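Visitor: Following this message is one structure expressed as structure tokens.
The values are calculated or read from the model by the stated rules, or taken from the named source; none is laboratory data. No experiment lies behind these values; they were computed from the predicted model shown. For neighbour counting, all protein chains shown are included, and Cβ atoms are generated from backbone atoms with ideal geometry for every residue, glycine included.
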Amino acid sequence: MNKQEFLGRLKEALAGLPQEDIEERLDFYSEMIDDKIEDGLAEDAAVAEIGAVAEVRNQIISDVPLKKLVREKMRPKRRLRAWEIILLVLGSPLWLSLLIAAFAIIFSIYVSIWAVVISLWAVELAFIAGAFAAVILGIVFAFRGNGTLCIASVSTGFFLAGLSVFLFFGCREATKWILILTKKTGFGIKAIFMGGNTQNE
């Protein structure tokens with residue numbers, strides 16, 4: 001693929017972004033290709049080194065704030081007529097309340113998932129603190145000459161320490177999963193505002 005083909009496909013893939021952003025990105029990648037050619041690469045090799053259009057597009061879209069996409073999508077492409085404005089105002093109690101309700105449901109689900117992850121980390125910290133406390137208590141019992149309570153307390157401490165190790169890996173995976181989910185959700189919302197242009201080719 002040569003430079004013009006790459007830039008043409010990238011321009012099509014970025015439809016839905018603000019025009020100034022598209023031009024800025026096209027200029028950036030055009031200069032990048034030119035720099036690689038100046039360094040001795042053939043044009044098609046320079047383009048190939050940048051990556052597939054879908055990968056470049058997805059990276060660009062990930063970097064664009066959602067607020068900018070929403071503003072671009074909501075900006076009217078033409079002046080609204082008086083009757084359209086009246087319909088929007090009269091219908092606002094319905095569509096605005098539905099929009100707020102949808103946002104509230106999505107937000108509450110997201111917060112609930114994070115609450116579970118935070119709770120798991122809180123349990124992890126409780127196990128670690130309990131393990132230290134049990135071992136220290138066991139040492140105190142040893143100094144007081146109470147061997148049975150010393151062994152029971154230290155054993156409990158090691159048991160809690162073992163549980164905390166297993167729980168740590170679970171907490172780490174849960175956190176990683178929720179971060180991936182957050183990224184994919186944000187990307188999906190951007191796809192909606194771009195008219196589905198973020199799908200892989």
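Visitor: From the list C150, C171, which residue is more than 30 Å from P18 (Cα to Cα), in contact with a Lys or Arg (Cβ under 9 Å, 6 or more places away or on another chain) and either assigned by TED's automatic domain parsing to the domain that holds R57 or assigned to a helix (DSSP H, G or I) (or both)? Reasoning before the result, please.
Guide: Working: C171 fails: in contact with a Lys or Arg (Cβ under 9 Å, 6 or more places away or on another chain).
The conditions single out C150.
Visitor: Could you check, for segment 20-36, whether at least one of its residues is outside any helix (DSSP H, G or I), within 25 Å of F187 (Cα to Cα) and under 24 Å from the mean Cα position of the chain (by Cα)?
Guide: If we filter segment 20-36 for residues that are outside any helix (DSSP H, G or I), which is where we start, we get none.
Scanning segment 20-36, I find no residue that is outside any helix (DSSP H, G or I), within 25 Å of F187 (Cα to Cα) and under 24 Å from the mean Cα position of the chain (by Cα), so the answer is no.
Visitor: Any residue that is over 24 Å from the mean Cα position of the chain (by Cα) and surrounded by 18 or more Cβ atoms within 10 Å (Cβ to Cβ) - is there at least one of those in segment 40-52? Show your work before the answer.
Guide: Within segment 40-52, the subset over 24 Å from the mean Cα position of the chain (by Cα) is 40-49.
Okay, now just the ones that are also surrounded by 18 or more Cβ atoms within 10 Å (Cβ to Cβ), so 46-47.
Taking every residue of segment 40-52 in turn, at least one turns out to be over 24 Å from the mean Cα position of the chain (by Cα) and surrounded by 18 or more Cβ atoms within 10 Å (Cβ to Cβ).
Visitor: Scan F187, F166, F143 and give me the residue that is outside the structural domain of P18 (by TED's automatic domain parsing) and in contact with a helix residue (DSSP H, G or I) (Cβ under 7 Å, 6 or more places away or on another chain). Write out each step before concluding.
Guide: Numbers: F166 fails: in contact with a helix residue (DSSP H, G or I) (Cβ under 7 Å, 6 or more places away or on another chain); F143 fails: in contact with a helix residue (DSSP H, G or I) (Cβ under 7 Å, 6 or more places away or on another chain).
Criteria check complete, one pass: F187.
Visitor: State whether one or more residues within segment 58-78 are in contact with a Leu (Cβ under 7 Å, 6 or more places away or on another chain) and modelled with pLDDT of 75 or more.
Guide: yes
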